[in-house]
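*Asks:* Have a look at this one.
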Amino acid sequence: MPDLVEKLTIKNMQPEDVDEVVAIEKQSFSDPWSKENFLAELDLPFSWVWVAKIKNQLTGYCCCWEIEGELQIANLAVHPKFRNQELGRKILQEILNRACQRKVKKVTLEVRESNQFGLKLYYAFGFTEIGRRKRYYQKPVEDGLILAKILE
Ligand SMILES: CC(C)(COP(=O)(O)OP(=O)(O)OC[C@H]1O[C@@H](n2cnc3c(N)ncnc32)[C@H](O)[C@@H]1OP(=O)(O)O)[C@@H](O)C(=O)NCCC(=O)NCCS
């Protein structure tokens with residue numbers, strides 16, 4: 001396991017984290033969430049909004065929505081400088097651990113069909129494709145794949 005993963009701490013996102021989160025978001029997605037989108041997430045009772053830090057360096061984040069026993073991963077990204085060092089795996093593992101503790105039955109998400117590293121990450125954790133949303137994404141227009149994992 002790379003050293004970085006051992007140094008990673010995952011905490012609830014705070015308003016003061018949001019500017020850094022938005023900076024990573026803009027480098028990660030062509031249709032990024034805004035600062036207002038993230039601030040709104042912090043107030044939603046069903047939203048898990050986490051940041052992953054190494055000391056004070058924000059290296060990644062995720063937003064999930066837990067609704068009636070199902071969890072949707074709405075957003076997950078790792079800072080470009082820290083990618084391919086297992087931080088994405090660590091964040092996803094933490095999401096699944098918490099989901100198990102909370103007796104979540106099913107975890108879903110949507111991903112661009114061209115997102116090879118996103119797909120690699122999710123398939124490695126046993127997610128499978130359960131559907132496709134035609135031309136769901138903009139900039140560029142692309143199908144979205146709906147992935148799901150059933151939890152025991
Ligand atoms: C998808 C993302 C979160 C993965 O985070 P990460 O920390 O780089 O991923 P990890 O290091 O944990 O690696 C996950 C898998 O992707 C592979 N991978 C990641 N980056 C890679 C690269 N540059 N080259 C080759 N493989 C790579 C890893 O080898 C690993 O595969 P494995 O399980 O078969 O070994 C990150 O690329 C990212 O933030 N992308 C932009 C936002 C995004 O697409 N989010 C997901 C959709 S919601």
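*Asks:* Of the peptides 62-69, 106-113, 128-135, how do they stack up when ordered by the mean number of other Cβ atoms within 10 Å, highest first?
*Replies:* Details: 62-69: 16.1, 106-113: 18.1, 128-135: 11.1.
Ranking, from highest mean packing down: 106-113, 62-69, 128-135.
*Asks:* For the stretch 3-150, state the semi-axes of the equivalent ellipsoid (square roots of 5 times the eigenvalues of the alpha-carbon gyration tensor), sorted largest first and rounded to whole angstrom. Walk me through the intermediate numbers first.
*Replies:* On the way: eigenvalues 92, 67, 54 Å².
Sorted largest first and rounded, they come to 21, 18, 16 Å.
*Asks:* Something else now. So which lysines can Lys105 reach, going by Cα to Cα under 18 Å and dropping same-chain residues fewer than 8 places off?
*Replies:* Lys149
*Asks:* Additional query: Given an 8 Å cut-off on Cα distances and at least 6 residues of separation, report the relative contact order of the chain as a percent. All intermediate terms of the calculation are to be shown ahead of the outcome.
*Replies:* Working: 250 pairs, mean separation 29.3, N = 152.
Relative CO of the chain lands at 19 percent.
*Asks:* Can you give me the distance in nm between label points at Thr128 and Leu42, each placed 7 Å from the Cα along the Cα-to-Cβ direction?
*Replies:* Here the answer is 4.0 nm between the modelled labels.
*Asks:* If the cut-off is 13 Å between C-alpha atoms, which aspartates and glutamates fall inside it for Lys139, apart from same-chain ones fewer than 8 positions away?
*Replies:* Asp31
*Asks:* Per DSSP helix of 4 or more residues, -39500 (n - 2.57); summed, then divided by the residues of the chain. What does that give at 222 nm, rounded to the nearest 500? Write down the numbers at each step before the final one.
*Replies:* Values: 5 runs with 48 residues, N = 152.
So the calculated ellipticity at 222 nm is -9000 deg cm²/dmol.
Values in this text are rule-based calculations from the coordinates and carry no lab data. Keep in mind that what you see is a predicted model, and the values were worked out from it rather than measured. Virtual Cβ from ideal backbone geometry, glycine too; neighbours counted across all protein chains shown.
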